[in-house]
Amino acid sequence: MYPNLVIRPALESDVDALADLVARLKRLNGEFDPLLKPAENLLSVSKEYVKSKLASTSSVVLVAEIDGKIVGVVIGDVEDRLFYEPRMAGVIKEFYILPEFRRRGLGKRMMNEIMDALRKKGAQMIMADFPALNEIAIEFYKKMNFRPIESIYAKEM
């Protein structure tokens, strides 16, 4: 593991670094499916998105920092599943770790931290939102004891 690892809530001063990580994630998603092709203004959209999540009382934004460098981000929201029990779900919306820092337990540590933070905000269950063709994410979440509960199908018009 990493001796100088800190997982902490994101700060306003982290916005540029986090926008870069979110943009990297969206570019990666585009590799899985052409319907996930990133927008032309991806970096500016990512920056505004991160700012909105930092300002939201229902969101949690955590960073992984090693020796002062931000190497990962995880963003989750608490959502009301109005028609279902348990009603309050923590939904992992974005999760990205720089490739050179993967496969050493950092992802599991970040997930445990965000699940705890979302639980403290009222989440009674945790869900993850990611591209259906991302086999790496599927295997990761299976190892974390997640299972599929919904599917979204799309058709380009």
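The values are calculated or read from the model by the stated rules, or taken from the named source; none is laboratory data. Being a predicted model, the structure only gives us computed values, none of them experimental. Here Cβ is always computed from backbone atoms with ideal geometry, including for glycine, and neighbour counts include all displayed protein chains. With ligands, DNA and RNA removed, areas are computed over all heavy atoms of the protein, side chains included. Shrake-Rupley method; radii C 1.70, N 1.55, O 1.52, S 1.80 Å.
Of the listed requirements (1) open to solvent by 90 Å² or more (accessible area, probe 1.4 Å); (2) free of Cβ contacts under 8 Å to residues at least 40 places away in the same chain, residue 109 misses just one: (2). Inside the range 1-44, can you point out the residues that are of a type in the set (Lys, Arg), more than 20 Å from residue 113 (Cα to Cα) and either assigned to a helix (DSSP H, G or I) or open to solvent by less than 50 Å² (accessible area, probe 1.4 Å) (or both)? If the condition is that a residue be of a type in the set (Lys, Arg), more than 20 Å from residue 113 (Cα to Cα) and either assigned to a helix (DSSP H, G or I) or open to solvent by less than 50 Å² (accessible area, probe 1.4 Å) (or both), then 24, 26, 27 are the ones that fit. Of all the criteria given as (1) surrounded by fewer than 17 Cβ atoms within 10 Å (Cβ to Cβ); (2) not in a loop (DSSP other than H, G, I, E, B), the one not satisfied by residue 75 is (1).
Just one of the listed residues (127, 115, 157) is assigned to a loop (DSSP other than H, G, I, E, B) and not acidic (Asp, Glu), and it is 157. Say whether the condition of being under 20 Å from residue 152 (Cβ atoms) and of a type in the set (Asp, Glu) is met by at least one residue in the range 8-27. No. For the range 45-59, a residue qualifies if it is in contact (Cβ under 8 Å) with a residue 12 or more places away in the chain, among the small types (Gly, Ala, Ser) and either open to solvent by 60 Å² or more (accessible area, probe 1.4 Å) or not in a loop (DSSP other than H, G, I, E, B) (or both), and the qualifying residues are 46, 59. Would you confirm whether any residue within the range 86-99 is exposed (fewer than 11 other Cβ atoms within 10 Å of the Cβ) and among the acidic types (Asp, Glu)? No, there is no match, as no residue in the range 86-99 is exposed (fewer than 11 other Cβ atoms within 10 Å of the Cβ) and among the acidic types (Asp, Glu). Can you name every residue in the range 60-72 that is of a type in the set (Gly, Ala, Ser), more than 13 Å from residue 20 (Cα to Cα) and surrounded by 12 or more Cβ atoms within 10 Å (Cβ to Cβ)? Within the range 60-72, 64 is the sole residue that qualifies.
Selection of the range 118-140 for residues being within 13 Å of residue 61 (Cα to Cα) and crowded, with 19+ Cβ neighbours inside 10 Å yields only 118. A single member of 103, 109 is assigned to a loop (DSSP other than H, G, I, E, B) and closer than 24 Å to residue 3 by Cα, and it is 103. Filtering the range 60-72 to residues that are out of contact with any Phe, Trp or Tyr (no Cβ under 7 Å at 6 or more places or on another chain) and part of a strand (DSSP E or B) leaves 60, 61, 62, 63, 64, 65, 69, 70.
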